[in-house]
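The values are calculated or read from the model by the stated rules, or taken from the named source; none is laboratory data. Quick caveat, the model's predicted, so the values are computed rather than measured. Heads up, the Cβs are rebuilt from the backbone with ideal geometry, glycines too, and the neighbour counts pull from every protein chain shown. These accessible areas exclude ligands, DNA and RNA; they are computed on the full protein's heavy atoms, side chains included. Shrake-Rupley method; radii C 1.70, N 1.55, O 1.52, S 1.80 Å.
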Amino acid sequence: MNDMNDTVMASNFIHNIIEEDNEKGAYGGKVYTRFPPEPNGYLHIGHAKAICVDFMTAEKYGGKCNLRFDDTNPVKEDTEYVDSIMEDVKWLGFSWEGEERYASDYFEKMYDYAVFLIKKGKAYVCDLSPEEWKEYKGTLTEPGRKSPYASRSVRENLDLFARMRAGEFSDGERVLRANIDMQSPNMNMRDPVIYRIYHATHHRTGDKWCIYPMYDFAHPLEDAIEGITHSLCTLEFEDHRPLYDWVLRECEIEQPPKQIEFARLELTNNVTSKRKLKLLVDEHIVDGWDDPRMPTVSGLRARGYTPEAIRSFIEKVGVSKSKSEVDYAFLEYCVREDLKLKYPRVMAAIEPIKVIITNYPEDKCEYLEIENNKENEALGTRKVPFTRELYIDRTDFMEEPPKKYFRMFKGNNVRLMGAYIVHCDDFKKNENGEIEEVYCTYIEKTKSGEENADMKVKGVIQWVSAKHGIPVKCNLYDHLFLEKDAANDENSYEKDGMLLNRCSLETVSGFVEPYCEESEFDKFQFVRIGYFCKNTKENNTFNRVVSLKSSFKI
RNA sequence: UGGGAUGUCGCCAAGUUGGUUAAGGCACAGGACUUUGACUCCUGCAUUCGUGGGUUCAAAUCCCGCCAUCCCAGCCA
C-alpha cells in the first residue's frame, strides 16, 4: 500500500487480518484499538511492545487507540501507577484518543449486563466456596459437574445478586457465574466467575462497590462500550477468546470487537517479571524502577534510549504468534542506528589511565576544534582543551599488546582523536603492578590541517584533558545481565532464585570532556567508545553507547 | 487421543489460493574505506523449511501419523 518507500517490511500478521476485514467491509473500514494496562506496576520493555502494537496498528490504518486502565481488582491496584503509565506511553510518543479511560467507569453498565444475563438464564449466583468449587470444576482431563446452585430461579438470582451488590454478604461468600458448559474441555468455559465480592476500597470508586467484575466478563464489555474493533492481546488469552466471544454474543453486542493474540516480547538476558524486578528494587540492588539498568520504560529512558529507537525496534522485530526471544544486540543496534546521526559525540575515558605528553609545556592549553559528529556536519564543532596531562581509557593501552593490537603501547604511534599523533615512550607501574602513568611525546605538526597530519597511524584513541575532564561514574554494562548470561559468568551469584552478574552491578569512575560554554553541553548526550572488550572474545571490538544521564545518576 | 497454540539459518521473521536457484534484518566472517578497530560500502552465510510417510509433473505451502515447546484447573489480569 504505502510502503513502497519502507526499507524494512515489518512482519505483522495483524495487518493481514485488518486488511481482510477492511476488504469485507467489517467495522465499516474502521480500526479502533486500545492499550489496557492494569495499574499495578511499572511498564517494562515487554509492555512497550504492546503499546507500540496497539497504537501503531491504529496509526497505520488511520484509526484511534484508547488508553484504558483495567482497574477491576481493587486489592491489586493503585493510582500511583496510573501516572507513571501515562508518562511512559506519552514518552514513547503516542497520544490516546480523548481522555484516559477506566474500566471502573463502566461498573454500572457492566452490572446491568450481568442482570441481563441473569434474566436470560445465562448467569447464576453460586454459593460454593473456592474449595468446594474445586471438586465441581473437574480437571484438565476430566469434565466438571454443574454447581448445585445453577438451577436457581431467575428471580432468586436477581434477588441474590442485588443483595451481593448491597453488601449483605462477606468476601467469598457468593459469586456470580456465567452459565455455560461444565463439560467444556476449555476450563475457561466451565461456568467461570464473572463477579466476586470484595469489601475493599477501590482507588477510584472508593467504597461505592463491593462486587467487582472479573477480567473475562469485564474486558469484552469494556471493548464493546468503547467501540473497539480489534482487541489486541498476548498469547495466554487465546483460551479466553471463546469466553470473550460468548460474553459479547450473550450480551447481544451489535458489532462485537475481535480479539487477536500475539506473542509477547522476551529479550535475552532480561527479566520482565514484575516479581523479580520488584525484588531488585526492594533489595536495593538497583536504585529504583527508573534505574538506568532496569528494563523498565523509565529505566530505558534514563539509560538514554530514545523512544524512536524503541519503536523502530518493536517494528523491526515484528508481530507473530510464535513465542520468541529477541537478542538484546538487536535492541542495541536500533539504539545506535537512531542515535548515530542525531547526537553530538564526546570523548571519554571510562576507566582512566593517565598519559603525560612529556614534550608538551606544562602550562599550555590548546583549544582544539573538533567535529561533534563526523557523519552529521550540521551538529557543528566544539572546542576541546588539550593539555600535557590526559586520561585515556584503560583498554586503549596495553603493556604487552597482542598481535593485532594497534593502539597505545610502548614504541607505538597513535593518533589522539582530533589532536596530535603521539609516540609512546614508556610507562610506570605502581606497587600493585598496575599501570599508573604512560609517557608519550607528541609529534609536531600532526594536528588536523597541519603538514604532517596525513602521517599514517593505525590507532586512533579518545582522550580527555586531566585538568579539565569531568569525573563521572559509569556502569560497566549499560544494563543488567541476568539469568542465562550470568550462568556463564564465574562472578555471578544467586539471589532469591535469580542469577545476577556481579559485573553488571559495578560502576567505574572515569572522565568525560568538559562542557564548553558555547556548545550547550546539555545536548551532548552520548559518549561513544570503541574499545577492546574484556568480557567477550579477545580482539573483538564493539562500540558502546553510554548515556551521560545514566553516568551521573549512579 | 483433555483443550488451545507454535515449530522456516545462532536470533527475529517473510513466504502457506502448491510452480523456476526459500525475502529481509540482527549476529557472525572476509574485503574496501576511515583522524573512533565505529560508521559506510562490497562479499559470504538454510539444496532446505520439527519429523516420517502420502498426493502431485511440481510442496515450506495439500493430506495422514509422530515429535518438541508454550498456555489453561485464580473468587488475578
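Suppose R0 equals 56 Å. What FRET efficiency, 1/(1 + (r/R0)^6) with r the Cβ-Cβ distance, do A:ASP425 and A:GLU283 give to the nearest 0.05? Please list the in-between numbers first.
Values: r = 49 Å, r/R0 = 0.87.
That pair, A:ASP425 with A:GLU283, gives E of 0.70.
Taking the alpha carbon gyration tensor of region A:337-451, what are the square roots of 5 times its eigenvalues, largest first, to the nearest whole Å?
Details: eigenvalues 136, 64, 37 Å².
Working from the Cα gyration tensor, I get semi-axes of 26, 18, 14 Å.
If region A:207-262 were replaced by its equivalent ellipsoid, with semi-axes equal to the square roots of 5 times the Cα gyration tensor eigenvalues, what would those be, largest first, whole Å? Don't skip to the answer; put the middle values down first.
Values: eigenvalues 74, 41, 23 Å².
After scaling each eigenvalue by five and taking roots: 19, 14, 11 Å.
Measure off, as a whole percent, the carbon and sulfur share of the 1.4 Å-probe accessible area of region A:1-117, all protein chains present. Intermediate values should be presented prior to the final figure.
Numbers: 2450 of 5260 Å².
Within region A:1-117, the accessible surface is 47 percent carbon and sulfur.
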Exercise. Over all alpha-carbon pairs in region A:113-233, figure out the percentage whose distance exceeds 18 Å.
Key: 55 percent
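What is the extension gain from A:TYR367 to A:ASP127, computed as 0.36 nm multiplied by their sequence separation minus the C-alpha to C-alpha distance, in nm to one decimal?
Values: separation 240, 0.36 × 240 = 86.40 nm, distance 8.20 nm.
Extending this stretch completely gives an extra 78.2 nm.
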Self-check item: Candidate aspartates and glutamates - alpha carbon under 20 Å from A:LYS456, same-chain residues fewer than 8 apart omitted
Solution: A:ASP396, A:ASP425, A:GLU444
Quiz prompt | Taking N as its residue count, the alpha carbon Rg of region A:204-354 over 2.2 N^0.38 Å | solution = 1.43
Quiz item: With all protein chains present, how much of the accessible area of region A:183-251 (probe radius 1.4 Å) comes from carbon and sulfur, to the nearest whole percent?
Solution: 50 percent
Quiz item: From a point 7 Å beyond the Cα of A:LYS321 in the direction of its Cβ, which residues of region A:224-255 have a backbone N at a distance under 11 Å?
Solution: A:235, A:238-239
Quiz item: What ³J(HN,Hα) values, in whole Hz, does the Karplus curve 6.51 cos²θ - 1.76 cosθ + 1.60 give for region A:101-112 when θ = phi - 60°, with x put for Gly and Pro?
Solution: 10, 9, 4, 5, 5, 9, 4, 5, 5, 5, 4, 4
Quiz item: What residues have an amide H closer than 5 Å to that of A:ARG68, excluding those fewer than 5 places away on the same chain, when H is modeled at 1.01 Å from N in the peptide plane?
Solution: A:PHE35, A:ARG101
Quiz prompt | A:ASP287, A:ASP159, ranked by accessible area, largest first (probe 1.4 Å) | solution = A:ASP287, A:ASP159
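Of A:TYR113, A:TYR405, which has the most accessible area and how do the rest follow, probe 1.4 Å? Before the final figure, lay out each step's value.
On the way: A:TYR113 65, A:TYR405 10 Å².
Accessible-area ranking of A:TYR113, A:TYR405, largest first: A:TYR113, A:TYR405.
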Practice problem: Express in whole angstrom the spacing between the alpha-carbon centres of region A:275-343 and region A:95-161. | Solution: 40 Å
Quiz item: Which ³J(HN,Hα) values in Hz, rounded to whole numbers, follow from the phi angles of region A:312-321 under the Karplus curve 6.51 cos²θ - 1.76 cosθ + 1.60, where θ = phi - 60° and Gly and Pro get x?
Solution: 5, 4, 4, 4, 5, 5, x, 10, 8, 9
Quiz item: If the cut-off is a Cα-Cα distance under 16 Å, which lysines reach A:LYS467, setting aside same-chain residues fewer than 8 apart in sequence?
Solution: A:LYS354, A:LYS364, A:LYS383
Practice problem: Could you give me the radius of gyration and the Dmax of region A:1-126, taking only the C-alpha atoms into account and expressing both in angstrom? | Solution: 17.9, 59
Quiz item: Given N residues in region A:156-211, what is Rg(Cα) / (2.2 N^0.38 Å)?
Solution: 1.30
Practice problem: May I ask you to list the lysines whose Cα is less than 26 Å away from that of A:LYS321, ignoring any residue fewer than eight positions away on the same chain? | Solution: A:LYS24, A:LYS30, A:LYS49, A:LYS60, A:LYS64, A:LYS258, A:LYS274, A:LYS276, A:LYS484
